[in-house]
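Report on one structure; see the data block that follows.
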Amino acid sequence: MWYEVLVFVLFCLAIIDLTVGVSNDAANFLNSAIGSKAASFKTILIIASIGVLAGALSSEGMMEVARKGVFIPSFFTFDNIMLVFVAVMLTDIILLDLYNRLGLPTSTTVSIVFELLGAGFIIGLLYSYEQNLDTEFSAFINFATAGKIISGIFLSILVAFSSGTLVQFVTRLLFTFNLKVGLKKYGAIFGGIAITAITYFLLIKGLKGASFISSETRASIVEHTGTILIINALFWTLATFITQRTFALNPLKFIVLAGTFSLAMAFAGNDLVNFIGVTVAGWQSLEAWSLAGVPAESFFMDVLGEKSKAPMTMLLGAGAIMVITLWTSKKAINVSQTEVKLARQGEGEERFNSNALSRGIVGVFVSLGKFLGLIIGQQAVQRINMRFTHNRDEMEDASASFDLLRASVNLMTASVLISYATSLQLPLSTTYVSFMVAMGTSLADRAWGIESAVYRVAGVLQVIGGWIMTAIIAFTASALFGLIMFYGGKVGVLSIVAFAGITLIRSHVKFRNSDDIDLDVDALEIKPELSEQFEVHKEKVGSDLQNLDKMVTLALRSLVGSNKDILLECSTRLASDNKKLDKSFKKAFATRDMFNAEDQLLYAELHINAHRGMTELYRVAFKLSENCLNHITNFGGVPRSEYMDLIIDAEDEIKRYLNDVRRQILSGRDEESGQLGEKARRVKQKLNDALRKELNFYTLNSVSNRLVRLQVNIILDLLELIKHAEEVYYIHNSFNQRNLQS
C-alpha cells in the first residue's frame, strides 16, 4: 500500500510540475509574438494553445531520460528507484517555481537530468555502502550525460547569440526600420526563407516523435531534406508575393504567429515528457513489481532498460493542463516579461541593476566599436547608422517592445538552429537558444543603447548565471532529498513532501503580494493621446490620495489603542506604495516617443511636479506612522484624551478635505477651488491652535518629553499633509485648465 501511495504522490507532483514547467517554458514560444504585438494577447494564447495540443497529440512520448538515460536501472531495487523518482519530482517543482517567481527562464531538460543525476547518485552510493558493494560510479550513473548537457549550455549560448546578432544585422541593413518600403522590395523572399525555416523546424523537431509518422517516412524526410526545403522556399516565396500584392497582407505577422505555433508544438511534443516521464516510469515500475511477487528491496529494475511510451491519454491530459496553465498563470507572464524587457527597443524602466562586470563588458564593446569604425571609415559608419535609424512612428504598433521584423528573425533563427542541431543530435537547449537569439537580435538592432546597455547586459548575465545554477541546485537538492528519504524512511518521505507543499504555498502567497512583479502583458503602458494618458494619471493619483488618508487614519486610531500590529502594517504598506509610486514615475519617461514635442514637455512637467508632491505626502504619512509605532514599541505613554479628541477631530476634517481634493482632480473642474482653499485654511488654523495648546500644556504641567515630542510631531506632520495635498491639487488643476480645455 505504501508504494501505491508514492505513485499517487508522483501523479500529484506531475500535475504541479506541468503547471510550473509550462509557466517557465511558455516564454520560449510566446515572447516574440507578445513583444512585437503580432496579434492580441488572447489570439497569441489561442495559437500557442493549439500548438501545445498538437504537440501532445503528435508526441510519441518516449521516456528514455527518465528510465535509463541518466542512471543504470538494473543497479537499483524497486524501493530505491521510487525514492529517486519522488526526490526528483519534489526538487523539480520547487526549483522551477523558484525560477518562475524570479522571472528567470531556465531549461526544464537540464533541471530533470541533473535531478536524476543527484538523486540517483546519492541513493546508489548509499545502497552500495549499505550492501558493502565495491562499485564504481559508472556502474549506476551515466556521468557522460551531464558532460553533454553542460557542453550544450555553452554551445547554445555562443552559437545562438552570435547567429541572432549576425542575421538581425544583415536583415535590418536590408529592411531598415521603415518596413513598408523594405517589405515591398524583399518581403516575398524573406517570407519564403523564414516560413521554410519554420517548416523545416516542424519536420525535424516538432514531428520527430509523432506516432502517426512511420520510420520509413522519417527516413525519407531526412534523405530528401534538401529537395523539400527548395520546394518549400519556392512555394512560400510565391505565396507571400501574391498575398502581399493581392491582399496587402503583412507577411511578418504570419511568420511570427506560425513560428509561435511551431515552437509551442515542438515544446509539447518533445519537452512534455520531462514533466510526466518520471511519474509514468514510477507507475510502470509499480506494475512490474506487483506482477513479480517479490520483496521491493529484492526486485531490480531491469525493466526500465526497455523502451516504453507514455499512454496517449496521459499525454492528452498533460497537454490540457499545460493549456489551462498558459491561460491562467501569472508567473508565465512574469517570466516572459524578463526577455521582453531585455529586448525592448528604446528606453524604459530596467528590470536589472548594473554591475561591475556588465559595465566592463559594455566598455570593451564600445572601444571595439570605435576601433571597427576607424577600420571601415567614417563614411561607411554613417551609411550604416542611417539604415539603423529608428522612428517609433513607423512601427505598425508604436507601443510594441520591438517590431515584427525582429520577432520574425527571432523565430526563424531559433527554428533553424534547433532543428539543425536536432538533426545532428547535438545537445542544444530550446530555452537557451530562444533566449540568446533574442538577445543577439536586440544587440544588432541597437535596442541596447549606450545608457541602457549596462542594465541589459547585467540582466543577460544574471539569466545565464541562473542557467548554471539550475544544474548545481538540481543536483544538490535532489541528492539532499534522496539522502533524507533513504535514512528517514516513510517519515523522511512525508517530511519532504510536506516541506515542498509549504514552500509552494508560501511562494504563491509571496508572489501574489509582491510589489516588484510587473504582470502587464504590454511592455509599455502608454496611451497614444495625451488626454487619455492624463485620465490614467488622475485615476492613479486619486487612488493614492484615498489610500494615504486611510493609512493616516489607521495610524492615529492605532496610537490611541496602542495597536502595534496595525501600525506596523501601515508603515509596511506606505513604504510599499511609495515604491510603486517611484516605479510609475520611471515609466512616465517611456512616453518620450509617444507624444509630439510640446505634449512631451507638458506631460514631463506634470509628472515631475506631481511625483514630487505625492512623494512628500507618502514621506510625511510614513514618518507619522513610524513615530507612532516607535512610541508604542518603546512603551511610551498614551496621549491624554483632550489631545486625541483634538487630533481626531482635525483628522476628520483632513479626511473630508483630501476627499474633496481627490474628487476635484478626478472631475477636472475648478468650480470649488476657492472653497478648497478655505477648507485648507480652516484645518491649518485648527492644527495650529492645537499646537499652541500642546506647547502651553507642556510649560504648565509635568509631562514626558518623549510624549510631547510625539504629540507635536503629529501636529506638524498633519500640517505638512495639508500643505502637500494643496500642491498636488493646484498642479493638476493648472495642467487641466491650461492644456486640456484650451
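The values are calculated or read from the model by the stated rules, or taken from the named source; none is laboratory data. Since this is a predicted model, take the numbers as computed values, not measurements. Glycine also receives a Cβ, built like all others from the backbone with ideal geometry; neighbour counts cover every protein chain displayed.
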#### Entry: Condition met for residue 233 (modelled with pLDDT under 85, assigned to a helix (DSSP H, G or I) and small (Gly, Ala, Ser))
no
### Query
So, of the residues in the stretch 430-459 that are of a type in the set (S, T, N, Q) and within 23 Å of residue 155 (Cβ to Cβ), which turns out to be farthest from the chain's Cα centre (by Cα)?
441
### Query
Taking residue 104, is it farther than 19 Å from residue 4 by Cβ, in a loop (DSSP other than H, G, I, E, B) and in contact with a helix residue (DSSP H, G or I) (Cβ under 8 Å, 6 or more places away or on another chain)?
yes
### Summary
Note: among 148, 184, just one is out of contact with any Phe, Trp or Tyr (no Cβ under 7 Å at 6 or more places or on another chain), among the basic types (Lys, Arg), closer than 24 Å to residue 236 by Cα and assigned by TED's automatic domain parsing to the domain that holds residue 464, namely 184
### Message
Checking the condition in contact with a helix residue (DSSP H, G or I) (Cβ under 6 Å, 6 or more places away or on another chain), among the β-branched types (Val, Ile, Thr) and part of a helix (DSSP H, G or I), which residue from 279, 246 passes?
### Response
279
### Task
Count, please, the residues in the stretch 246-257 that happen to be among the aliphatic types (A, V, I, L, M) and surrounded by fewer than 23 Cβ atoms within 10 Å (Cβ to Cβ).
3
### Message
Is it the case, given these coordinates, that residue 324 is out of contact with any Leu (no Cβ under 7 Å at 6 or more places or on another chain) and in a helix (DSSP H, G or I)?
### Response
yes
### Task
From the list 296, 318, pick out the single residue that is buried (at least 24 other Cβ atoms within 10 Å of the Cβ), small (Gly, Ala, Ser) and under 27 Å from residue 81 (Cβ atoms).
318
### Task
Among the residues of the stretch 28-40, write down those that are surrounded by fewer than 24 Cβ atoms within 10 Å (Cβ to Cβ) and touching a helix residue (DSSP H, G or I) at 6+ places or on another chain (Cβ under 7 Å).
39
### Task
Kindly indicate whether residue 258 is more than 27 Å from residue 32 (Cβ to Cβ) and touching a residue at least 60 places away in the same chain (Cβ under 8 Å).
no
